[in-house]
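S.K.: Handing you a structure now.
Please treat every number below as a calculation from the coordinates, not as lab data. Nothing here was measured: the structure is a model prediction, and the numbers come from that model. Every residue, glycine as well, gets a Cβ built from its backbone with ideal geometry; the counts of neighbours run over all protein chains shown.
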Amino acid sequence: MLPCRDPYLEECFQFRPLEATQLGDHRFDDRLDDLSAAARQRWRGHYRRTLDELPGTVDYEQLSAAGKIDFEILQHELTRALWLAGARKVRPEARTGA
C-alpha cells in the first residue's frame, strides 16, 4: 500500500461523499457532493497537490513490481481527475433540476 493513499482517499471522500458511499464508506451518507465552482476549484487543488507531492512521498525505486503498478495507477488517476475537474462544466440547471 502506498503511504499517501489513505490521506488522499480521506480528502477525496470529504470532497465527494457520494463516491465514498459507493465505495462502502458510510461516514458521509448524510451529505451530497458540492458541485459549486469553489468546490471544483478545491478538487483541482487537491489533485494537483497530491500529484506534485507523490514523487517526494514515495520512493518509486524501492517499490515492489506491484507497488510500482499501484503508484502509476494513482499517478494516472490523479492526472485524469485533474483534467476532468478542469474540463467539465456543470450547468446550474443540472444541479437544481430547474
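S.K.: May I ask you to list the trypsin sites (Lys or Arg not before Pro) in region 13-92 that are in a DSSP loop and have at most 15 other Cβ atoms within 10 Å of their Cβ?
M.R.: Details: sites: ARG27, ARG31, ARG40, ARG42, ARG44, ARG48, ARG49, LYS68, ARG80, ARG88, LYS89; in loops: ARG31, ARG88, LYS89.
Of the trypsin sites (Lys or Arg not before Pro), the ones in loops of region 13-92 whose Cβ has at most 15 other Cβ atoms within 10 Å are ARG31, ARG88, LYS89.
S.K.: Pulled fully out, how much extra length does the chain show between GLU61 and ASP33, if you take 0.36 nm times their separation in residues and subtract their Cα-Cα distance?
M.R.: So the chain would gain 6.4 nm between GLU61 and ASP33.
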